[in-house]
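Each reported figure results from applying straightforward, stated rules to the coordinates on display, with no laboratory input. Just so it is clear, the structure is predicted and the values come from calculations on it, not from any experiment. Backbone-built Cβ (ideal geometry, glycine too); neighbour counts: all protein chains shown.
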Amino acid sequence: MVVLSQPATLDHCSLIKTCKPTGVFTGIPVIDLRDGEAKTLIVKACEEFGFFKLVNHGVPIELMTRLETEALRFFNLPQSEKDEAGPPAPFGYGNKRIGLNGDVGWIEYLLLNTNPLASLNTPENFRYAVKEYIEAVKRLAFEVLEVMGDGLKIEPRDALSGLIRDEKSDSCFRLNHYPPCSELQALSGRNLIGFGEHTDPQIISILRSNNTSGLQICLRDRTWVSVPPDQTSFIINVGDALQVLSNGRLRSVRHRVLAGSVKSRVSMIYFGGPPMSEKIAPIPSLMAKGEERLYKEFTWWEYKNSASKSRLGDNRLGLFENK
Ligand code: GA4
């Protein structure tokens, strides 16, 4: 579409939705990766909330803060220089527009391929910080999925981690910058939506943010709650593919991000996805005898293709449900 190559305009700002700030949620499960009970607690958290906070994860804080500093250096460049790293589709710099179908948010971002790591048109220090961080967070993702495999008693225990460990795994990485929106917000008493509500399509998402709040998740009763930020830990969530692989046992939950009024939010998310040709269907050892499959089998390519035609807030799994 022609609009893709044009810079974001004021019209895009007027399309960005707002919402009232909501209550802070202190009930998100906090799991210590070195705790002997981690495997059980991870499964329980993914069944109940689809989200958990991981502490004692072994990723050096220095890697996180270095990437945050480098990312801010990039996002503080003049707009014309940042645009040189665009457009975001399939990978690159994006401003306000999200995806290909008209979604917008109070956000600018870099979307990167991790397999192979995208060659970024950015300073070397930045590229190096991205590379080191992704290597560490990938290893963490493998470990979390293996511990989860133990908790689910999947045979072999690396059945899940193997999907994202595969050299052809379709994983990506996103660096988000949500500038403060104070003037606009003061007018309405509402927050601008930085990234609209959605579920993540992949298997697992591993998020680290700075100490600015913004992430909200949708609870079972459909209320939206804010997850307090913690720059030293990770927020991990189940993606659509894992919901299917577990036949709905682990939940891919809607979440969104509100822009702050004073401080900017920076987040970095690794999305672990399977290879394009991988067939996504419930893992037999996770199904009880006689349990019905909730989803039709599809390849990851088919799911991605259908997702690329969707709007952010669509129920993408709906098309693949066995009704
Ligand atoms: C949501 C999760 C990841 O950020 C992402 C997003 C992707 C994009 O920004 O291009 C999508 C969105 C995400 C789901 C539906 C489609 C694709 C925008 C959009 C409207 C990188 C991903 O994999 O799916």
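So how do 73-82, 312-321 stack up, highest first, on mean other-Cβ count within 10 Å?
Values: 73-82: 13.6, 312-321: 15.5.
Descending packing order for the listed peptides: 312-321, 73-82.
Could you order the peptides 298-305, 83-90 from most to least packed, using the average number of other C-beta atoms within 10 Å per residue?
On the way: 298-305: 17.6, 83-90: 16.0.
Per-residue mean Cβ counts within 10 Å order the peptides as 298-305, 83-90.
Just add up the charged neighbours of His255: K/R +1, D/E -1, any other residue whose Cβ is under 12 Å from the Cβ of His255. Show your work: numbers first, answer last.
Details: positive: Arg251, Arg254, Arg256; negative: Glu197, Asp200.
My count for the surroundings of His255 gives +1.
Do the sum for the chain: with -39,500 (n - 2.57) for every DSSP H run of n ≥ 4, divided by all residues, what is the mean residue ellipticity at 222 nm, to the nearest 500 deg cm²/dmol?
Calculated mean residue ellipticity at 222 nm is -9000 deg cm²/dmol.
Give the long-range amide H neighbours of Asp230: residues separated by 5 or more places, or on another chain, with amide H under 5 Å away, using H modelled in the peptide plane at 1.01 Å from N.
Long-range HN contacts for Asp230: Ser209.
Translational diffusion coefficient, Stokes-Einstein: compute it for the chain using the Kirkwood radius over C-alpha pairs as Rh, at 25 °C and 0.890 mPa s, and state it as an integer in µm² s⁻¹. Don't jump to the answer; show the numbers that get you there.
Working: Rh = 20.1 Å.
It comes out at roughly 122 µm²/s.
When the distances between all Cα atoms of the stretch 223-319 are binned every 5 Å from zero, what whole-number percent does each bin get?
2, 10, 18, 20, 18, 13, 11, 5, 2, 1, 0
Report the charge-dipole magnitude of the stretch 57-116 in Debye, nearest 20, computed about the Cα centre from +1 at each Lys and Arg Cβ and -1 at each Asp and Glu Cβ. Please report the intermediate quantities before stating the final value.
Details: 5 positive and 8 negative charges, 18 e Å.
Value, rounded to 20: 80 debye.
Rank-order 130-137, 223-230 by packing density, defined as the average count of other C-beta atoms within 10 Å over each peptide's residues, highest first.
On the way: 130-137: 19.4, 223-230: 16.4.
For the peptides 130-137, 223-230, the packing ranking is 130-137, 223-230.
What trypsin sites (Lys or Arg not before Pro) does the stretch 27-56 have in DSSP loop regions with at most 12 other beta carbons within 10 Å? Could the numbers behind the result be given before it?
On the way: sites: Arg34, Lys39, Lys44, Lys53; in loops: Arg34.
Those satisfying the criteria are Arg34.
Does the stretch 15-79 come out rounded, prolate or oblate by the C-alpha gyration tensor, with a ≥ b ≥ c the root eigenvalues, rounded set by a/c under 1.5 and, if not, prolate when a/b is larger than b/c and oblate if not?
Details: a/c = 3.39, a/b = 1.36, b/c = 2.49.
Oblate, because a/c is 1.5 or more while a/b does not exceed b/c.
Count charges around Glu81 for me, please; just the other residues with Cβ under 13 Å from its Cβ, Lys/Arg as +1, Asp/Glu as -1. Write down the numbers at each step before the final one.
Details: positive: Arg73, Lys82; negative: Asp83, Glu84, Glu108.
Net local charge, Glu81 excluded: -1.
Taking the alpha-carbon distance from Lys323 and a cut-off under 30 Å, which lysines remain once sequence neighbours fewer than 8 residues away in the same chain are dropped?
Here the lysines satisfying the reach criterion relative to Lys323 are Lys44, Lys153, Lys279, Lys289, Lys296, Lys304, Lys309.
Work from the charge dipole of the stretch 30-309 (Cβ charges, +1 for Lys and Arg, -1 for Asp and Glu, about the Cα centre) and give the residue of Asn101, Val30, Ile236 farthest towards its positive end.
Most positive-ward Cα: Asn101.
Picking from Ser261, Leu317, Leu245, whose Cα lies most toward the positive end of the charge dipole for the stretch 186-323 (charges on Cβ: Lys, Arg +1; Asp, Glu -1)?
Ser261
Below 13 angstrom from the Cβ of Ala136, what's the summed charge of the other residues (Lys, Arg +1; Asp, Glu -1)?
Details: positive: Arg66, Lys131, Lys138, Arg139, Arg208; negative: Glu62, Glu132, Glu135, Glu143.
That sum, taken over residues with Cβ under 13 Å, equals +1.
From the C-alpha gyration tensor of the stretch 164-217, pull out the three semi-axes of the equivalent ellipsoid (sqrt of 5λ each), sorted largest to smallest, in whole Å.
Taking √(5λ) for each Cα gyration eigenvalue gives 31, 12, 9 Å.
What are the lysines whose alpha-carbon lies under 26 Å from the alpha-carbon of Lys263, with same-chain residues fewer than 8 places away excluded?
Candidates past the 8-residue exclusion: Lys17, Lys20, Lys53, Lys82, Lys96.
So which helices of the chain fit the span-like rule, where a helix is a whole DSSP H run, its Cα atoms reach 18 Å or more along the axis, and its mean Kyte-Doolittle is at least 0.0? It would help to have the intermediate numbers written out before the result.
Working: long enough: 61-75 (21 Å, 0.29); 124-152 (41 Å, 0.03).
Long hydrophobic helices here: 61-75, 124-152.
Run the dipole for the chain about the Cα centre, Lys and Arg Cβ at +1, Asp and Glu Cβ at -1, nothing else charged, and hand back the magnitude in debye, nearest 20. Show your work: numbers first, answer last.
Details: 39 positive and 38 negative charges, 139 e Å.
Result for the chain is approximately 660 debye, rounded to the nearest 20.
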